[in-house]
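A.B. asks: Here it is: the structure, laid out below.
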Amino acid sequence: MNNLIPLPVSVKPSDGVFTLSATTQIRVEPGRAEIAAIGQYLADRLTPATGYTLPIVTAPGAPAPGHIRLTTAEGDSTLGDEGYELTVSPQDVTLAAYQPAGLCRAVQTLRQLLPPAIESTTRQAGPWTIPAGAIRDYPRFGWRGFMLDVARHFFSVQTVKRCLDLMAYYKMNILHLHLTDDQGWRIAINLWPGLAAHGGRTEVGGGPGGYYSQAEYADLVAYAQSRYITLVPEFDLPGHTNAALAAYPQLTRDEVAPPLYTGTEVGFSSLCVDKDVTLVFMDDVIEELAALTPGPYIHIGGDEAAATPKADYIRFIEEVQAIVEAQGKTAIGWEEIAQARLLPTTVVQLWNASQAATLASRGGKVILSPAGHTYLDMKYDADTPLGQNWAGNVSVRAAYDWAPEHVVEGLAESNILGIEAPLWTETIQTMADIDFMVFPRLLGLAEVGWSPAAGRGWDEYKYRLASHRPRLEALRVNYYPASDVPWP
Ligand code: NGO
């Protein structure tokens with residue numbers, strides 16, 4: 001019970017073990033299809049390594065001994081939507097949560113209590129023991145995010161689903177997709193088909209690029225939902241828009257289409273924000289994105305708009321947040337948007353702390369992505385073959401050993417929505433590259449977002465992280481074997 005990541009709020013070990021067997025049943029309350037689906041998700045995770053097909057049993061009546069039970073009827077509401085209690089005795093296992101999301105988090109804890117070989121895709125010997133004890137657990141922050149930049153390099157639906165699976169294992173709950181940038185537009189917009197058809201045709205380095213159809217995107221949303229992860233789409237504007245301008249030159253000032261862009265410099269493109277057509281464009285795109293988004297947020301970018309005059313930039317951000325609001329969604333933008341008059345509900349995502357004083361005094365919600373701790377595109381050290389280093393190196397320790405409450409002086413903890421780790425992909429081309437930069441840093445960031453500040457520390461964490469090595473290997477993750485971790 002000592003090797004869980006993120007560290008739970010409370011763990012009380014007791015004597016004995018529960019042993020999973022071919023006759024173990026997964027019991028769920030009758031008439032709750034959503035809970036049965038979580039039970040099936042658990043069963044599906046356990047089948048490859050054990051060879052057992054554990055039945056989901058919904059019949060009422062006294063459960064047979066040797067069961068795993070999922071219940072919301074007995075959940076403790078004071079633990080919140082993602083909180084849960086997990087009780088393991090030699091006879092049975094109970095996962096209790098107030099909401100289904102909490103059961104999904106409890107399932108991840110249960111997986112981590114089994115031997116690492118449980119994550120293998122091929123049948124292993126077992127025995128499949130779970131140590132007895134009681135865990136009570138809930139997250140510190142409601143936003144524990146990972147961002148994938150699919151604009152600089154494009155990544156398939158399969159790759160994104162794999163990211164979702166691995167995020168879920170560490171209880172992260174937000175996937176922010178950076179869908180548009182100078183180098184590519186990655187989502188089909190029906191009213192402006194050239195955005196994806198032309199603007200999605202390439203990527204950094206001149207590769208083939210690509211984009212998601214709306215059906216593919218909807219499939220990703222549903223897949224994320226089944227793991228209780230919210231997808232947050234980002235449409236970056238008014239800068240970072242070369243791909244859109246190449247497709248629709250009427251959105252530029254001089255109406256001349258720029259060529260598609262495959263470099264990595266930033267800050268040269270801008271929508272022409274004082275044209276009527278630009279607002280029509282914004283309305284159309286945000287309406288289609290909102291229709292694809294059951295979650296409450298639309299990210300409007302707003303970073304590094306060096307080619308937009310400042311007064312235009314401010315007016316434009318104010319107009320766009322109103323468009324998002326009119327679609328019933330909450331706008332999020334990178335920290336530069338704090339220069340505008342924001343709605344109280346608009347969320348600001350810090351990355352470079354350029355607006356720290358405004359964030360502290362404004363009173364609205366903030367997502368913390370300080371580059372020196374959370375940017376997964378930064379090199380681990382000078383020898384890392386991938387990545388950048390404009391924010392310095394981000395070692396495994398640097399990604400773990402920081403305190404969200406100390407990032408912005410004067411920012412109330414109640415205004416910290418949570419933390420997010422972005423993977424920008426200027427230098428990232430394959431799934432193996434993603435793994436290498438994300439793991440093992442994501443585990444530490446997941447813990448920074450979930451676990452209480454008191455009680456966690458690098459000197460203990462580094463051993464717990466090291467114990468996850470066989471899990472990452474069974475999950476076939478191409479993690480970076482950092483030298484600051486005492487690997488077994
Ligand atoms: C910056 C920039 C991105 C880069 C990234 C690289 C933000 C918010 N804007 O972060 O365009 O890809 O750095 O680290």
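A.B. asks: Which residues, taken from region 353-372, are touching a helix residue (DSSP H, G or I) at 6+ places or on another chain (Cβ under 6 Å), in contact (Cβ under 8 Å) with a residue 24 or more places away in the chain and open to solvent by 10 Å² or more (accessible area, probe 1.4 Å)?
C.D. replies: 365
A.B. asks: Further question: One residue is enough: does region 397-410 have a residue meeting the conditions of a type in the set (A, V, I, L, M, F, W, C), under 14 Å from the mean Cα position of the chain (by Cα) and either in the same structural domain as residue 46 (by TED's automatic domain parsing) or at pLDDT 95 or above (or both)? Give the steps one after another, and end with the answer.
C.D. replies: Step one: filter region 397-410 for residues of a type in the set (A, V, I, L, M, F, W, C), giving 398-399, 402-403, 407-408.
Okay, now just the ones that are also under 14 Å from the mean Cα position of the chain (by Cα), so none.
The answer is no, given that none of the residues of region 397-410 is of a type in the set (A, V, I, L, M, F, W, C), under 14 Å from the mean Cα position of the chain (by Cα) and either in the same structural domain as residue 46 (by TED's automatic domain parsing) or at pLDDT 95 or above (or both).
A.B. asks: Now a separate question. Is it the case, given these coordinates, that residue 133 is modelled with pLDDT of 95 or more and either more than 16 Å from the ligand (Cβ to nearest atom) or not acidic (Asp, Glu) (or both)?
C.D. replies: For residue 133, the condition - modelled with pLDDT of 95 or more and either more than 16 Å from the ligand (Cβ to nearest atom) or not acidic (Asp, Glu) (or both) - is met.
A.B. asks: Something else now. How about region 309-329: which of its residues are farther than 21 Å from residue 180 by Cβ and within 23 Å of the chain's Cα centre (by Cα)?
C.D. replies: Once the filter is applied, which keeps residues that are farther than 21 Å from residue 180 by Cβ and within 23 Å of the chain's Cα centre (by Cα), region 309-329 yields only 328.
A.B. asks: Take the residues in region 115-164 that are among the basic types (Lys, Arg) and open to solvent by less than 40 Å² (accessible area, probe 1.4 Å); name whichever of them is farthest from residue 89 (Cα to Cα).
C.D. replies: Taking the candidates together, the pick is 152.
A.B. asks: Give me the strands (runs of 3 or more DSSP E) completely within region 83-177, filtered to those with at least 2 residues that are under 16 Å from the mean Cα position of the chain (by Cα), ordered by residue number.
C.D. replies: By residue number, 143-149.
Matching residues to (1) within 16 Å of the ligand (Cβ to nearest atom); (2) closer than 23 Å to residue 109 by Cβ; (3) touching a Lys or Arg at 6+ places or on another chain (Cβ under 6 Å):
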site: 394; (1), (2), (3): yes, no, no
site: 425; (1), (2), (3): yes, no, yes
site: 434; (1), (2), (3): yes, no, no
site: 441; (1), (2), (3): yes, yes, no
site: 483; (1), (2), (3): no, no, no
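A.B. asks: Something else about it: Of the residues 419, 332, only one is within 16 Å of the ligand (Cβ to nearest atom), open to solvent by less than 10 Å² (accessible area, probe 1.4 Å) and either over 30 Å from residue 455 (Cβ atoms) or over 23 Å from the mean Cα position of the chain (by Cα) (or both); which?
C.D. replies: 332
A.B. asks: Quick one: would you say residue 417 is in the same structural domain as residue 354 (by TED's automatic domain parsing), farther than 22 Å from residue 458 by Cα and not in a loop (DSSP other than H, G, I, E, B)? Walk me through it before giving the result.
C.D. replies: Working: in the same structural domain as residue 354 (by TED's automatic domain parsing): yes; farther than 22 Å from residue 458 by Cα: yes; not in a loop (DSSP other than H, G, I, E, B): yes.
Yes.
A.B. asks: What residue, among those in region 1-48 that are more than 25 Å from residue 223 (Cα to Cα) and of a type in the set (Val, Ile, Thr), is least open to solvent (accessible area, probe 1.4 Å)?
C.D. replies: Across region 1-48, the extreme among qualifying residues is 24.
A.B. asks: Follow-up question, since we're still on this one. Note down all Cβ pairs under 7 Å where the first residue falls in region 31-47 and is under 17 Å from residue 73 (Cβ atoms), the second is charged (D, E, K, R) and surrounded by 15 or more Cβ atoms within 10 Å (Cβ to Cβ), and they're at least six residues apart or on different chains.
C.D. replies: The qualifying pairs are 35/29.
Per-residue answers, yes or no, for (1) surrounded by fewer than 16 Cβ atoms within 10 Å (Cβ to Cβ); (2) closer than 28 Å to residue 410 by Cβ; (3) without any contact (Cβ under 8 Å) to a residue 40 or more places away in the chain:
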{"residue": "280", "(1), (2), (3)": "yes, no, yes"}
{"residue": "289", "(1), (2), (3)": "no, no, no"}
{"residue": "294", "(1), (2), (3)": "yes, no, no"}
{"residue": "301", "(1), (2), (3)": "no, yes, no"}
{"residue": "305", "(1), (2), (3)": "no, yes, no"}
{"residue": "310", "(1), (2), (3)": "yes, yes, yes"}
{"residue": "313", "(1), (2), (3)": "no, yes, no"}
{"residue": "343", "(1), (2), (3)": "yes, yes, yes"}
{"residue": "346", "(1), (2), (3)": "no, yes, yes"}
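A.B. asks: Here is a further query. Could you check region 374-383 and list, in sequence order, the residues that are farther than 19 Å from residue 144 by Cβ, open to solvent by less than 30 Å² (accessible area, probe 1.4 Å) and either more than 14 Å from the ligand (Cβ to nearest atom) or part of a helix (DSSP H, G or I) (or both)?
C.D. replies: 380
A.B. asks: Report yes if residue 144 is more than 20 Å from residue 479 (Cβ to Cβ) and either touching a strand residue (DSSP E or B) at 6+ places or on another chain (Cβ under 8 Å) or within 16 Å of the ligand (Cβ to nearest atom) (or both), otherwise no.
C.D. replies: Working: more than 20 Å from residue 479 (Cβ to Cβ): no; either touching a strand residue (DSSP E or B) at 6+ places or on another chain (Cβ under 8 Å) or within 16 Å of the ligand (Cβ to nearest atom) (or both): yes.
Here the answer is no, as residue 144 does not meet what is asked.
A.B. asks: May I pose another question? Take region 261-278 and flag every residue that is away from the ligand (no atom under 16 Å from the Cβ) and open to solvent by 50 Å² or more (accessible area, probe 1.4 Å).
C.D. replies: 274, 276 - these are the residues of region 261-278 that are away from the ligand (no atom under 16 Å from the Cβ) and open to solvent by 50 Å² or more (accessible area, probe 1.4 Å).
A.B. asks: Here are 437, 431: which of them is within 19 Å of residue 477 (Cα to Cα) and either open to solvent by 30 Å² or more (accessible area, probe 1.4 Å) or more than 22 Å from the chain's Cα centre (by Cα) (or both)?
C.D. replies: Exactly one of 437, 431 is within 19 Å of residue 477 (Cα to Cα) and either open to solvent by 30 Å² or more (accessible area, probe 1.4 Å) or more than 22 Å from the chain's Cα centre (by Cα) (or both), namely 431.
A.B. asks: Moving on. Does residue 390 satisfy the condition of being within 16 Å of the ligand (Cβ to nearest atom), without any contact (Cβ under 8 Å) to a residue 60 or more places away in the chain and either exposed (fewer than 15 other Cβ atoms within 10 Å of the Cβ) or not assigned by TED's automatic domain parsing to the domain that holds residue 297 (or both)?
C.D. replies: Considered against the rule, which asks whether it is within 16 Å of the ligand (Cβ to nearest atom), without any contact (Cβ under 8 Å) to a residue 60 or more places away in the chain and either exposed (fewer than 15 other Cβ atoms within 10 Å of the Cβ) or not assigned by TED's automatic domain parsing to the domain that holds residue 297 (or both), residue 390 comes out as yes.
A.B. asks: Could I ask something else about it? Could you grab me the full set of residues in region 456-474 that are part of a loop (DSSP other than H, G, I, E, B) and either out of contact with any Leu (no Cβ under 7 Å at 6 or more places or on another chain) or among the β-branched types (Val, Ile, Thr) (or both)? Quick ask: steps written out before the conclusion?
C.D. replies: Filtering region 456-474 for residues part of a loop (DSSP other than H, G, I, E, B) gives 456-457, 468.
Listed by number, the list holds a single entry, 457.
A.B. asks: If you don't mind, another one. What's the total number of residues in region 197-230 that are open to solvent by 10 Å² or more (accessible area, probe 1.4 Å) and part of a strand (DSSP E or B)?
C.D. replies: Summing the residues that are open to solvent by 10 Å² or more (accessible area, probe 1.4 Å) and part of a strand (DSSP E or B) in region 197-230 gives 1.
The values are calculated or read from the model by the stated rules, or taken from the named source; none is laboratory data. These figures come from a predicted structure and were not determined experimentally. Cβ sites come from the backbone with ideal geometry, for glycine too, and all protein chains shown count toward neighbours. SASA here: full protein model, heavy atoms, side chains in, ligands and nucleic acids out. Shrake-Rupley method; radii C 1.70, N 1.55, O 1.52, S 1.80 Å.
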